[in-house]
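**Student:** This is the structure I want to talk about, given as structure tokens.
The values are calculated or read from the model by the stated rules, or taken from the named source; none is laboratory data. Quantities reported herein were computed from a predicted structural model and do not represent experimental measurements. So basically every Cβ, Gly included, is an ideal-geometry build from the backbone, and we count neighbours across all protein chains shown. When the accessible area is computed, the model is the full protein with side chains, heavy atoms only, and any ligands, DNA or RNA have been set aside. Shrake-Rupley method; radii C 1.70, N 1.55, O 1.52, S 1.80 Å.
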Amino acid sequence: MTALIDVILPVFLVIGFGYLAVWKGYFSDTNVDGLMGFAQGFAIPCLLFRAISTLDLNQNFDLALLSSFYAGALAGFIAGLFGARILFGRDWEDSVAIGFCCLFSNSLLLGLPITERAYGASALEANYAIIAVHSPFCFTIGITAMEIARNRGERLALLPGKVLRAIFQNALIVGIALGFIVNLGGIPMPGVLTDALDLVIRAALPTALFALGGVLYRYRPEGDLRTIMFVVAMSLGLHPLITWMLVQANDLSDAAIRSATLTAASAPGINAYLFANMYGKARRVAASAVLLGTGLSILSVWCWLAILP
């Protein structure tokens, strides 16, 4: 119960405040879009840039950690893809969008703040390592699969260019890439610049969480309940279970086990809806899975906090 009150509820209360503000009309959709645009387009990329630029890459980019997390994510994608196709009779493009929902956990807005609340800011190195390749990995898988499904073998020579353009139009990936450039190049950062970035960074997570609550109000569950519950089960059940088994088998540190498992146990991220919306496929399923999964992840994360070392 202490973990629920001290770690999880503050994060979800901020989300709830955003949801309530839009529900009661205190905050408009335009304001929510502005907040989310600031968070995803500026503040969180700044956070990722600073984290990656100062991260000890040799120590934290552990192949066993990344393979454990992303094997679970890929298993979720495959299960979602073929589950949507075989169990629910969706076409291949819908199935790819549903698979993407099972692939893309909310590593930034849930995994990061929950891990910080539970174990402190010093426990986030493994989170940043996972986040650094999260969007590139997931969007590469999703966009490649969707373009194959859409083109049915035609014009596949254009596929690498489409994938790369879509990936590097993402501000989060730009922030990560610049962080790697500064880190690997040993480029010194002026103190006045890092102080300014730190001011922006302090607003990143609370702003994003509040905006997420406002965004989720728009996408209340309606229809497709069996498919939505299937997505939530893959996201909150299959992904963290496989990740936890693999990090145990790879004998990783307690900090790495916590970061990987809690990130895997996070609900589908808002990018799952953005991906579905980008292609106009399974939007209702994606939006509702984000909303329902975010609510149910209160319980799933609570259970994992009781299990983890």
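**Student:** Restricting the search to region 231-240, which residues are surrounded by fewer than 23 Cβ atoms within 10 Å (Cβ to Cβ) and out of contact with any Gly (no Cβ under 6 Å at 6 or more places or on another chain)?
**Tutor:** Ala233, Gly237
**Student:** Another question about this same structure. If you go through region 190-205 one residue at a time, how many are under 18 Å from the mean Cα position of the chain (by Cα) and either small (Gly, Ala, Ser) or open to solvent by 70 Å² or more (accessible area, probe 1.4 Å) (or both)?
**Tutor:** 1
**Student:** Further question: Return the pair list, or none, for Cβ contacts closer than 9 Å from residues in region 36-56 that are without any contact (Cβ under 8 Å) to a residue 40 or more places away in the chain to residues that are of a type in the set (Gly, Ala, Ser) and part of a helix (DSSP H, G or I), at least 6 apart or on different chains.
**Tutor:** Gly37/Ala211
Results for (1) assigned to a helix (DSSP H, G or I); (2) farther than 19 Å from Ala126 by Cα; (3) at pLDDT 90 or above; (4) open to solvent by 10 Å² or more (accessible area, probe 1.4 Å), shown as yes or no for each residue.
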| site | (1), (2), (3), (4) |
| --- | --- |
| Met245 | yes, no, yes, yes |
| Thr261 | yes, no, yes, no |
| Asn271 | yes, yes, no, yes |
| Leu274 | yes, yes, no, yes |
| Ala287 | yes, yes, no, no |
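**Student:** Being closer than 30 Å to Ala233 by Cβ, open to solvent by less than 10 Å² (accessible area, probe 1.4 Å) and hydrophobic (A, V, I, L, M, F, W, C) is the filter here; which residues of region 26-77 pass it?
**Tutor:** Once the filter is applied, which keeps residues that are closer than 30 Å to Ala233 by Cβ, open to solvent by less than 10 Å² (accessible area, probe 1.4 Å) and hydrophobic (A, V, I, L, M, F, W, C), region 26-77 yields Val32, Ala39, Ile44, Leu48, Leu65, Phe69, Ala73.
**Student:** Is there a residue being modelled with pLDDT under 90, buried (at least 24 other Cβ atoms within 10 Å of the Cβ) and part of a loop (DSSP other than H, G, I, E, B) anywhere in region 216-226?
**Tutor:** The answer is no; no qualifying residue exists.
**Student:** Next up: Only one of these is open to solvent by less than 60 Å² (accessible area, probe 1.4 Å), more than 17 Å from the chain's Cα centre (by Cα), at pLDDT 80 or above and not charged (D, E, K, R): Gly111, Gly142, Gly161, Gly83. Name it.
**Tutor:** Working: Gly111 fails: more than 17 Å from the chain's Cα centre (by Cα); Gly142 fails: more than 17 Å from the chain's Cα centre (by Cα); Gly161 fails: at pLDDT 80 or above.
Of Gly111, Gly142, Gly161, Gly83, the one residue that is open to solvent by less than 60 Å² (accessible area, probe 1.4 Å), more than 17 Å from the chain's Cα centre (by Cα), at pLDDT 80 or above and not charged (D, E, K, R) is Gly83.
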